[in-house]
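Right, one structure below, let's go through it.
The values are calculated or read from the model by the stated rules, or taken from the named source; none is laboratory data. All values reported here derive from a predicted model rather than from experimental measurement. Every residue, glycine as well, gets a Cβ built from its backbone with ideal geometry; the counts of neighbours run over all protein chains shown.
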Amino acid sequence: LNRRLAEFGTTIFAEMSALAASTGAINLGQGFPDTDGPEEVREAAVRALRDGRGNQYPPGPGVPELRTAIADHQLRRYGIALDPDREVLVTAGATEAIAAALLALVEPGDEVIALEPYYDSYAACIAMAGGTRVPVTLRPRTEEGERRFVLDLDELRAAVTPRTRLILLNTPHNPTGTVLTRAELTAVAELACERDLLVVTDEVYEHLVFDGEHVPLATLEGMRERTLTIGSAGKTFSFTGWKVGWATGAPELVAAVRSAKQFLTYVASGPFQYAVAEALRLPDAYTDGMRDDLRAKRDLLSEGLAAAGFAVYRPAGTYFVTTDIRPLGAELSHGGDGFAFCRALPERCGVVAIPNAVFYDHRDAGAPFVRFAFCKRESVLEEAVSRLKALA
Ligand code: PMP
Ligand code: GLN
């Protein structure tokens, strides 16, 4: 393994899902729903397979039906007008969009600012592109009795140097559940314009917002031409295995990403692309229903974790809740070491979670935080809560 990748080892999601499988524990680690997406969307995939649509290489940028559906969806939901031919690229999940964007836009030695904790593929892809990651840490704060992780705009501003190429943003944010406000995003936009930076914004949880609203960065003044937005059908429609994602934005940015993408996978997910095109045309009631269902699950798990003794950062968005394990006491929380805590948890009470420290360069800052996923059936969450309560 070369030096660029040596530090990354095995992704925590594979490690923790394997631990869940080998111990039979409830897997609240890796974020995937335990209920598949809508029947009619599955039927659409079957129809595409049967009718021979997408069984052979589809067009490199994605099938026109899907590119048009992505453009229509952004227009309908956010008022963003996109040319499906020049401003939309279909990728093998958001993961490939992130990789292709960084490989296409970053020169060796360029600095890339990422919010810390950051989704693990960001760090590996910045490294593969030869860039230098510059983490800006979201700070844990308690305001009016509610805990949340907050972006310190002064820290973000101070992180920009003449070598900064782009900001890699993520809202709603995995793993903290923070949803950046319009005011925060406006400040990010102003900074990007002032310092002439590109922004790659990962908005895969765009429809999973429980408090406040999702504001697409590309809708803010001056951002249309410098923003590449990344989306995914995996989260919105509960088909994480289909690996259908996309990148949208200004034609020059999308063309650059397409250049890298064609040599990574060329194309992927043929028949599923047609099915996702139909999914994107479902009425808003579908995403509203999904959001309301997940909000109830967020509350169930957050309250259960609090009752079990964790300090809970109730998320405004995503399907993850971050907790601080230190209130459990030094012994139960392994002295606030989330790694040791998560490795021992399946044995102790039959639950798997993710140590947020893997998403930090400043490991000490992330050490006491542990993430639980709540995209699971209510009965599963209830069982997990009762097991966690028995910890003490
Ligand atoms: N970005 C974030 C923030 C994620 O949480 C995930 C996956 N959970 C991805 C990207 C990857 O999405 P996909 O499965 O579409 O590749
Ligand atoms: N994005 C999912 C998570 O955060 C995991 C995806 C993966 O396994 N790469 O849990």
Task: Residue list for the range 92-118, restricted to those being farther than 29 Å from Tyr274 by Cα, within 16 Å of ligand 2 (Cβ to nearest atom) and of a type in the set (Gly, Ala, Ser) - done: Ala114
Task: the range 134-180: number of residues that are of a type in the set (Gly, Ala, Ser) and within 22 Å of the chain's Cα centre (by Cα) - done: 1
Open item on the list: Considering only the range 77-91, I want to know if a residue exists there that is more than 30 Å from Gly289 (Cα to Cα), in the same structural domain as Pro162 (by TED's automatic domain parsing), within 16 Å of ligand 2 (Cβ to nearest atom) and not charged (D, E, K, R).
Closed with: no
TODO: Output the number of residues of the range 114-147 satisfying the condition of being small (Gly, Ala, Ser) and part of a strand (DSSP E or B).
DONE: 1
- [ ] Scan the range 156-200 residue by residue and report those that are among the small types (Gly, Ala, Ser) and at negative phi.
- [x] Ala158, Ala159, Ala183, Ala187, Ala189, Ala192
Open item on the list: Given the options Gly231, Gly241, Gly212, name the one that is small (Gly, Ala, Ser), surrounded by fewer than 17 Cβ atoms within 10 Å (Cβ to Cβ) and within 16 Å of ligand 2 (Cβ to nearest atom).
Closed with: Gly241
Task: Tally of residues being free of Cβ contacts under 8 Å to residues at least 60 places away in the same chain and over 30 Å from Arg377 (Cα atoms) across the range 249-296 - done: 2
TODO: State which residue is nearest to Pro135 (Cα to Cα) when the search covers only the range 148-188 and only residues that are part of a helix (DSSP H, G or I) and among the small types (Gly, Ala, Ser).
DONE: Ala159
TODO: Name the residue, out of His362, His334, that is surrounded by fewer than 24 Cβ atoms within 10 Å (Cβ to Cβ) and either in contact with a Pro (Cβ under 9 Å, 6 or more places away or on another chain) or in contact (Cβ under 8 Å) with a residue 24 or more places away in the chain (or both).
DONE: His362
TODO: Residues being within 22 Å of the chain's Cα centre (by Cα), hydrophobic (A, V, I, L, M, F, W, C) and not in a helix (DSSP H, G or I): count how many of those fall in the range 47-88.
DONE: 2
